[in-house]
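Scroll down for the structure; my scribbles are underneath it.
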Amino acid sequence: MKYLSYLSKYKDTALVKFLIKFHVKDFVIGYLDLILFLVIISYKAICYNDLVATGYYGFKAAVIASIVILISFSVLLNNKGRTIYLYILDLILTIILVSDSVYYRYSKDIITIDTIRNGSMLGGVTASVSTLLKPSDFLFFSDLIILLPILLFYFKIRKYDFKLLKRFVFFILLLAIGIFVDGKAMYELNIEQPKLITTMFNRMYVVKVLGDFNFHILDAYNLTYNNIMNMKSLPASKEKEIKDYLTENDKPKGTNLTDAYKGKNLIIIQVEALQQFVINQKINGQEITPNLDKWLGKSLYFNNYFYQVAAGNTSDAEFLSLNSLYPAANGAAYYIYSGDTYNSLPKNMSSLGYYTAALHGYEAGFWNRSVMYKAESFDNFFNENSYDINQTVGMGLSDESFLTQSLAKLKTFKQPYFSFLITLSSHYPYNDVAGYEKYVPFDAGKYTNTFLGDYLTGIHYTDAQLGMFLDQLDKDGILNNSIVVLYGDHFAIPQANLGQLYQFENIKNPTDLDWYELQKVPMFIHFPKDANKGVDSIPSGQIDLEPTLSNLLGFKNKYTFGTDLLNSKTNTVMFRNGSFTDGNSFYVSYTDTYYDVASKKTIAPTKQLTDLKNKTHTILEYSDDMLNHNLIRKFLQEDSEVK
Ligand code: GP9
Ligand code: MN
């Protein structure tokens, strides 16, 4: 009462007059439902974000903004319609949040449209839903029950309804505020982590920064965008042209070592950020990668092997190596094309009776692996959840622990097996120097405390762990019965730090050719009893791995773009941006310049080179068509009908 008399003093002020004139009291009462649902849904969404971000990302305006956008449409309806809309919206969003919470507890990941489409979430999670559900999950639905009688009462007492025009203005206002705040957050995320929104390589990070609803909106947008882009059907003649090209490309080119290793285990190790420039190099008299240097001496070493990744980085390295297809023109194939059918290396190995497993000591959903490994037909994916995270270096589980635990797993696998291992510790920005050095001391000399020095320390650490792993495979006799492939996934030194690399390499006035020549990654194949060891300098790249293995292991190469390196004398390495090299010349697409590799000079294009340039475009387009129109599925179907 005291307060009311106190307030009455202000009843003639301009502000109060304004509030009365615009029916603010009526508005507050009339739109109480809107305010109530905004608060309730926001609270639930923030609880979910707390679960996945464990507090350290704090409150995110974008989380609320996405709810404001979804709620804004309710304002267009009349009173009753609006409340019903809000009630149903609350129900739907609660179902999404609870499902995502349960899924998160199971796989530390979020449900995507593709996870549902591929059925890849159905395995363990549905079986264990009852154990994953918590009593608090049901509390999320309690408001919907409690609110029912209250809303019915509210329907009765609420009188005021705004005219359509005012409602429309209010809708625009809410929508604009929501879009502005949300758009700003997305824009900032795009600056901080370019490519993240289109490639979704770290979707839990998107969830942490933008919230659950924004993630689903972006996921649906990406999917719809790709579907629209691929709606145009491919003429039958083009389809035939592609099939004919691939059929020709897949034909055996010779008989060198053909089927020679049929039935042997296959172990592939994809090493994080391993580049060729560290191989057989010393710093201050100390070898940078003594173990790899030793093992590539006992193996068939490809010293002219390029990574061919695009926006999908590590996942592209896998995509190229396991499918012999080019990466996506935009975004990451592991995300955009995870709904396609693949004639992948694991699928081919399975058809030979192999057990196949991918092993990586990190989050299952990173790079959409959990979904994509299903599409690539791996029998099993051992991820972070399958490892004891007992030692961390850099980004997560240390290579030492990962490789030790992986070896123990390998020993339990039914033979013959194909194991695909992906390391992690030598990941950008290599700043866990203390972590690397704690286990493997390294003196980076004049590069100490520089970016390059940190990388050298990191790769030296990883080399030691790879050495331990390979030596142990040897001691345990596994090498007698296995072929081991090891290669680097992609670049280690980003543009900003290239100066140090050129200094290390003693390159004074670097050209684009110099840069490209530094984009090689080592690749070696180790055979039982160190057979076939030597150096092969054929120009090659990650796309050539599957066809090469098909010759050695005896499965039929089908619908691949690569080359069997053991039965070819020449080869052209094509890059996603249209650059290419045949070993003698190098074409750099972004400056439209041709180089002579030996003299390093620029050269005028010959007819042969311009033909090769056009062929590169055609082939990249073929690969895009294959992915956009899921042609492998179609081709394999046609083949089975013919049989
Ligand atoms: C994490 C890892 C890193 O799972 O493979 O991927 P990257 O950031 O190198 O593309
Ligand atoms: Mn990587």
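Given the condition part of a helix (DSSP H, G or I) and either farther than 20 Å from VAL278 by Cβ or open to solvent by 10 Å² or more (accessible area, probe 1.4 Å) (or both), answer yes or no: does some residue in the stretch 554-563 qualify? There is no residue in the stretch 554-563 that is part of a helix (DSSP H, G or I) and either farther than 20 Å from VAL278 by Cβ or open to solvent by 10 Å² or more (accessible area, probe 1.4 Å) (or both). Applying the selection to the stretch 453-493, what residues are buried (at least 24 other Cβ atoms within 10 Å of the Cβ) and of a type in the set (Ser, Thr, Tyr)? Hits for the stretch 453-493 are TYR455, THR457, TYR461, THR462. Residues in the stretch 192-210 that are in a helix (DSSP H, G or I) and of a type in the set (D, E, K, R) were compared, and the one that is least open to solvent (accessible area, probe 1.4 Å) is ARG203.
ASP316 satisfies every condition listed in (1) open to solvent by 20 Å² or more (accessible area, probe 1.4 Å); (2) within 16 Å of ligand 1 (Cβ to nearest atom); (3) of a type in the set (Asp, Glu) except (1).
With the condition kept exactly as written, say whether any residue in the stretch 611-629 is under 19 Å from ALA236 (Cβ atoms), open to solvent by 50 Å² or more (accessible area, probe 1.4 Å) and among the aliphatic types (A, V, I, L, M). Looking for residues that are under 19 Å from ALA236 (Cβ atoms), open to solvent by 50 Å² or more (accessible area, probe 1.4 Å) and among the aliphatic types (A, V, I, L, M), one finds none in the stretch 611-629, hence no.
For (1) touching a helix residue (DSSP H, G or I) at 6+ places or on another chain (Cβ under 8 Å); (2) closer than 28 Å to GLU517 by Cα; (3) away from ligand 2 (no atom under 16 Å from the Cβ); (4) modelled with pLDDT under 95, each residue gets a yes or a no:
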| site | (1), (2), (3), (4) |
| --- | --- |
| ASP443 | no, yes, yes, no |
| THR457 | yes, yes, yes, no |
| TYR461 | yes, yes, no, no |
| ALA464 | yes, yes, yes, no |
| MET468 | yes, no, yes, no |
| ASP476 | yes, no, yes, no |
| SER482 | yes, no, yes, no |
| GLY488 | yes, yes, no, no |
| ALA492 | yes, yes, no, no |
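Can you tell which of ASN265, ASN249 is away from ligand 2 (no atom under 16 Å from the Cβ), over 25 Å from ALA357 (Cα atoms) and buried (at least 17 other Cβ atoms within 10 Å of the Cβ)?
Just a single option satisfies the conditions, and that option is ASN249.
Restricting attention to the stretch 436-452, the residues being assigned to a loop (DSSP other than H, G, I, E, B) and open to solvent by 30 Å² or more (accessible area, probe 1.4 Å) number 5.
Of the set (1) within 16 Å of ligand 2 (Cβ to nearest atom); (2) in contact with a helix residue (DSSP H, G or I) (Cβ under 6 Å, 6 or more places away or on another chain); (3) not in a loop (DSSP other than H, G, I, E, B), all apply to PHE213 but (1).
The residue that is nearest to ligand 2 (Cβ to nearest atom), counting only those in the stretch 403-422 that are among the β-branched types (Val, Ile, Thr) and either open to solvent by less than 20 Å² (accessible area, probe 1.4 Å) or farther than 20 Å from THR462 by Cα (or both), is ILE422. Being modelled with pLDDT under 90 and among the small types (Gly, Ala, Ser) holds for only one residue in SER233, SER142, SER237, and it is SER233. When each of LYS529, LYS508 is tested for being in a loop (DSSP other than H, G, I, E, B) and surrounded by fewer than 16 Cβ atoms within 10 Å (Cβ to Cβ), the lone residue that passes is LYS508. Filter the stretch 494-503 down to the residues that are closer than 26 Å to GLN270 by Cα and surrounded by fewer than 21 Cβ atoms within 10 Å (Cβ to Cβ), then identify the one that is farthest from ligand 1 (Cβ to nearest atom). Result: TYR502. When LEU189, LEU174 are screened for being open to solvent by less than 20 Å² (accessible area, probe 1.4 Å) and either in a helix (DSSP H, G or I) or acidic (Asp, Glu) (or both), only LEU189 passes. Only a single criterion out of (1) surrounded by 19 or more Cβ atoms within 10 Å (Cβ to Cβ); (2) at pLDDT below 90 is not satisfied by ILE71, namely (2). Restricted to the stretch 214-228, and to residues there that are open to solvent by 90 Å² or more (accessible area, probe 1.4 Å) and within 21 Å of the chain's Cα centre (by Cα), the residue that is modelled with the highest pLDDT is TYR221. Entry remark, the stretch 592-603: residues being within 13 Å of TYR516 (Cα to Cα) and either among the hydroxyl-bearing types (Ser, Thr, Tyr) or open to solvent by 70 Å² or more (accessible area, probe 1.4 Å) (or both) number 4 in total.
The values are calculated or read from the model by the stated rules, or taken from the named source; none is laboratory data. Computed from a prediction, not measured in an experiment: that's the story for all the values here. Cβ coordinates were reconstructed from backbone atoms using ideal geometry, including for glycine residues, and neighbour counts include every protein chain displayed. Only protein heavy atoms, including side chains, enter the accessible area calculation; ligands, DNA and RNA are left aside. Shrake-Rupley method; radii C 1.70, N 1.55, O 1.52, S 1.80 Å.
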